[in-house]
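Reading through the structure tokens given below for one structure.
The values are calculated or read from the model by the stated rules, or taken from the named source; none is laboratory data. Just so we're clear, the structure is a prediction, and the values are computed from it rather than from any experiment. Don't worry about glycine lacking a Cβ; one is built from the backbone with ideal geometry, like all the others, and counts go over all protein chains shown. Ligands, DNA and RNA are excluded from the accessible area calculation, which covers all protein heavy atoms including side chains. Shrake-Rupley method; radii C 1.70, N 1.55, O 1.52, S 1.80 Å.
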Amino acid sequence: MAVRVALHHRTTYRFDRRVALSPHEIRLRPAPHCRTPVLGYSLSVTPERYFLNWQQDPYGNWVARLVFAEPTDALDIVVDLTADMTVINPFDFFVEPYAEYSPFQYAPGLAKELIPFLVTATPGPRLAAWLARFRKTLVPGEKSVELLVRLNRRLQSEIRYLVRMEPGVQTPDETLERACGSCRDTGWLLVQILRRLGLAARFASGYLVQLV
């Protein structure tokens, strides 16, 4: 039986005088391809005099574009949504035959589309050392899914999860040095590792719902 949860997200800005707001883009709506069933969604904004246009970015994410009609001394953005926390099988996907075993090359047409998700920068010394050690464990012909599971298990054993309220994302070297990080820190580390192994990856944000 699915557990139904209600999420309330509020972002508030206060100003010491009335100011003219530039157009805002708000990315606080689940993507259409989200696997969690979203039963209800609402977005309310104060001040109330504004023009709203819903758009989709190149990745299919919903973007609310707001143009405000008059100056204000406060901006309040509230999102309420209801979702069913259904059990999802993370292995419910299909792997193309050419990608079943690692390493592999993406199909030419797909490779062009995935260029942004394979871009890397020069790794820091800790990430470079981690990658060098991990590459020694690579076995030609290993199933790609098993490689991904093994990589995730290793990071899970090496990086301790913590709730981090500070803004921003740690660099991969910071996360490796501290051996701990929030979900966004470990997620970004995983993205950088995968890209350097030739696997396209991108960062996705979401909410962590902890049921007690």
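Within the range 63-74, is even one residue assigned to a loop (DSSP other than H, G, I, E, B), out of contact with any helix residue (DSSP H, G or I) (no Cβ under 7 Å at 6 or more places or on another chain) and of a type outside the set (D, E, K, R)? Yes, that holds for at least one residue.
Restricting to the range 16-42, give me the number of residues that are hydrophobic (A, V, I, L, M, F, W, C), farther than 18 Å from Ala204 by Cβ and part of a loop (DSSP other than H, G, I, E, B). Summing the residues that are hydrophobic (A, V, I, L, M, F, W, C), farther than 18 Å from Ala204 by Cβ and part of a loop (DSSP other than H, G, I, E, B) in the range 16-42 gives 2. Among the residues of the range 116-147, those identified as open to solvent by 50 Å² or more (accessible area, probe 1.4 Å), among the aliphatic types (A, V, I, L, M) and in contact with a strand residue (DSSP E or B) (Cβ under 9 Å, 6 or more places away or on another chain) are Leu138, Val139. Contact map, the range 103-116: first residue closer than 19 Å to Gln192 by Cα, second residue polar (S, T, N, Q), Cβ cut-off under 8 Å, separation 6 or more or different chains; pairs are Phe104/Ser144; Ala111/Gln105. From the list Arg164, Arg150, Arg154, Arg202, the one residue that fits, being of a type in the set (D, E, K, R), assigned to a loop (DSSP other than H, G, I, E, B) and farther than 17 Å from Pro116 by Cβ, is Arg164.
Scanning the range 43-62 for residues that are open to solvent by less than 50 Å² (accessible area, probe 1.4 Å), within 27 Å of Val5 (Cβ to Cβ) and either assigned to a loop (DSSP other than H, G, I, E, B) or touching a helix residue (DSSP H, G or I) at 6+ places or on another chain (Cβ under 8 Å) (or both) yields Asp57, Gly60, Asn61.
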